[in-house]
Amino acid sequence: MSPRRNRQHGGAKPIDRAGGDRYGLEQTEEWRGEDWVVRQVGGGGAAKHYRCPGCDQEIPPGVPHVVAWPQDGDVDDRRHWHRACWNARDRRSARLQRSRNAPRY
């Protein structure tokens, strides 16, 4: 008798009913007098390194986070935030300064 196999071989991927296989649902929030589109990104959807504008720390691949951009903006206006930093965005200052040779993700 051969051993039991627990992994799937090929076939269709399971469908995530919560809004897609990689990204969460978008919602609109008001911040600084304008509407922002906010999307929750799960760990599976985070494939690159990003720099959080709230704390100026790196968000490594595989870490769930938030993507936010102005509703009137385009793709270049998107910013990737830690969830805690996005929730505390009104209490954090934007006076952080990076050195000249710091990477800008």
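The values are calculated or read from the model by the stated rules, or taken from the named source; none is laboratory data. Everything numeric here is computed off the predicted structure, so don't read it as measured data. Positions of Cβ are generated from backbone atoms using ideal geometry, with glycine treated the same way; all protein chains shown enter the neighbour counts. Just so you know, the surface numbers come from the protein's heavy atoms only, side chains and all, with ligands and any DNA or RNA stripped out. Shrake-Rupley method; radii C 1.70, N 1.55, O 1.52, S 1.80 Å.
Residue check: is PRO103 open to solvent by 50 Å² or more (accessible area, probe 1.4 Å) and at pLDDT 90 or above?
Answer is no for this residue.
Please state which one of ASP76, ASP16, ASP90, ASP21 is out of contact with any strand residue (DSSP E or B) (no Cβ under 7 Å at 6 or more places or on another chain), assigned to a helix (DSSP H, G or I), modelled with pLDDT under 90 and open to solvent by 60 Å² or more (accessible area, probe 1.4 Å).
Just a single option satisfies the conditions, and that option is ASP76.
Restricting to segment 32-56, give me the number of residues that are in contact with a Ser or Thr (Cβ under 9 Å, 6 or more places away or on another chain) and loosely packed, with under 14 Cβ neighbours inside 10 Å.
The total comes to 1.
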